[in-house]
Structures are given as C-alpha cells and as structure tokens.
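Chemist: Before I ask anything, let me first share the structure, which is written out below as structure tokens.
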Amino acid sequence: MGIKQISVFLENTTGRLSEVTKTLSNARINLRAISIADTADFGILRLIVDKTDGAVDALNAAGFTTRQTDVVAVEIDDIPGSLAKLMDIFQQSQVNIEYLYASLEGQAGKAVVIFKLQDHDKGLKILSEKNYKMADSF
C-alpha cells in the first residue's frame, strides 16, 4: 500500500511554479498535497494529485521533467504529540525517514503526513502492525 508522489524538477526562476500549476489546472488535475525544496539553481516540487498518470502526461507534454516515487500517507490525530509518537515508532524500529510533509487533505480532527521512507516495505509493515490508517489515494 502507498501512493505515488510526482517530483517535478524546476529551474529556480520566476514563473516556473506558476507554469506547473497552470499546466495541472488546464488538465483538470486537483492537488492533494504539495511541497517544494530548493537550492540556488533548481527546486524539486513534490506533489500528490487526484490523477497521477494524467498529471505526469500533462507535465511531460509541457516540457517538465518528472519522476514518480512511492510514499506513505499516514493519518494521525490532530493533537499535540501525535507526530512525536509516530516518530518514536520509526526511531525504535530503525526506519529512516528521507523527508516528510503534510497534506492539505484530511478530515476534521485528523492530519495526513506524507513520508518518503528509506525502506518503504518495512515502514508499511510497522505502520500496519501499529494500526495506523494509511491512504492509498486522495
């Protein structure tokens, strides 16, 4: 179980992020989660969308370089300490987290955190054993 994340490689220039969002809008793709990491020269835009294949096709057709990655979306209670508890589980199980970000999607009283784990399958197994709810789509 898991979901596909799209990574879009962007030159760090004015308007590139706007071009991505316009491309997705024109393809009628809905964003579910978004994160960007940048350096002086380029950025990596990470997206979870409602139609992954359509988004990749639209972005590639518009000249963007993309890659798909398996990630885990975990629902946690939206209260202090919920994320710390989950981090402790990963630490005790020696599951390395490469990065994480939160989703714009979720139900009242819940938060969704997207994880890129070094060992995806081990992470899924541990989350399942600890009865965490994971999303396979948004």
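The values are calculated or read from the model by the stated rules, or taken from the named source; none is laboratory data. What you are looking at is a predicted structure, and each value in this text was computed from that prediction instead of being measured. Here the Cβ is made from the backbone with ideal geometry for all residues, glycine too, and neighbour counts use every protein chain on show. Heavy atoms of the whole protein, side chains included, go into the accessibility calculation; ligands, DNA and RNA do not. Shrake-Rupley method; radii C 1.70, N 1.55, O 1.52, S 1.80 Å.
Chemist: Which condition number does residue 83 fail, the rest of (1) touching a residue at least 40 places away in the same chain (Cβ under 8 Å); (2) open to solvent by 30 Å² or more (accessible area, probe 1.4 Å) being met?
Modeler: Of (1) touching a residue at least 40 places away in the same chain (Cβ under 8 Å); (2) open to solvent by 30 Å² or more (accessible area, probe 1.4 Å), only one is false for residue 83: (1).
Chemist: Can you tell which of 31, 17 is open to solvent by 10 Å² or more (accessible area, probe 1.4 Å), out of contact with any Phe, Trp or Tyr (no Cβ under 9 Å at 6 or more places or on another chain), closer than 20 Å to residue 137 by Cβ and modelled with pLDDT under 95? I'd like the intermediate steps shown before the answer.
Modeler: On the way: 17 fails: closer than 20 Å to residue 137 by Cβ.
None of the other options fit; the residue is 31.
Chemist: Could you grab the pairs with beta carbons closer than 9 Å, sequence gap of 6+ or different chains, first residue in the range 57-69 and on the phi < 0 side of the Ramachandran plot and in a helix (DSSP H, G or I), second one of a type in the set (Ser, Thr, Tyr) and open to solvent by less than 60 Å² (accessible area, probe 1.4 Å)?
Modeler: 58/23; 59/23; 59/66; 60/66; 61/23
Chemist: Also, quick follow-up: Which condition breaks for residue 47 when tested against (1) open to solvent by 60 Å² or more (accessible area, probe 1.4 Å); (2) in contact (Cβ under 8 Å) with a residue 24 or more places away in the chain; (3) not in a helix (DSSP H, G or I); (4) not acidic (Asp, Glu)?
Modeler: Exception for residue 47: condition (1).
Chemist: For the range 93-111, state whether one or more residues are within 15 Å of the chain's Cα centre (by Cα) and more than 21 Å from residue 34 (Cβ to Cβ).
Modeler: no
Chemist: Here's something else I'd like to know. If I filter the range 103-110 for residues that are open to solvent by less than 70 Å² (accessible area, probe 1.4 Å), at pLDDT below 95 and touching a Leu at 6+ places or on another chain (Cβ under 6 Å), do I get at least one hit?
Modeler: No; the residues of the range 103-110 include none that is open to solvent by less than 70 Å² (accessible area, probe 1.4 Å), at pLDDT below 95 and touching a Leu at 6+ places or on another chain (Cβ under 6 Å).
Chemist: In the range 54-80, which residues are over 14 Å from residue 112 (Cβ atoms), of a type in the set (Val, Ile, Thr) and either modelled with pLDDT of 95 or more or open to solvent by less than 70 Å² (accessible area, probe 1.4 Å) (or both)?
Modeler: 56, 65, 66, 69
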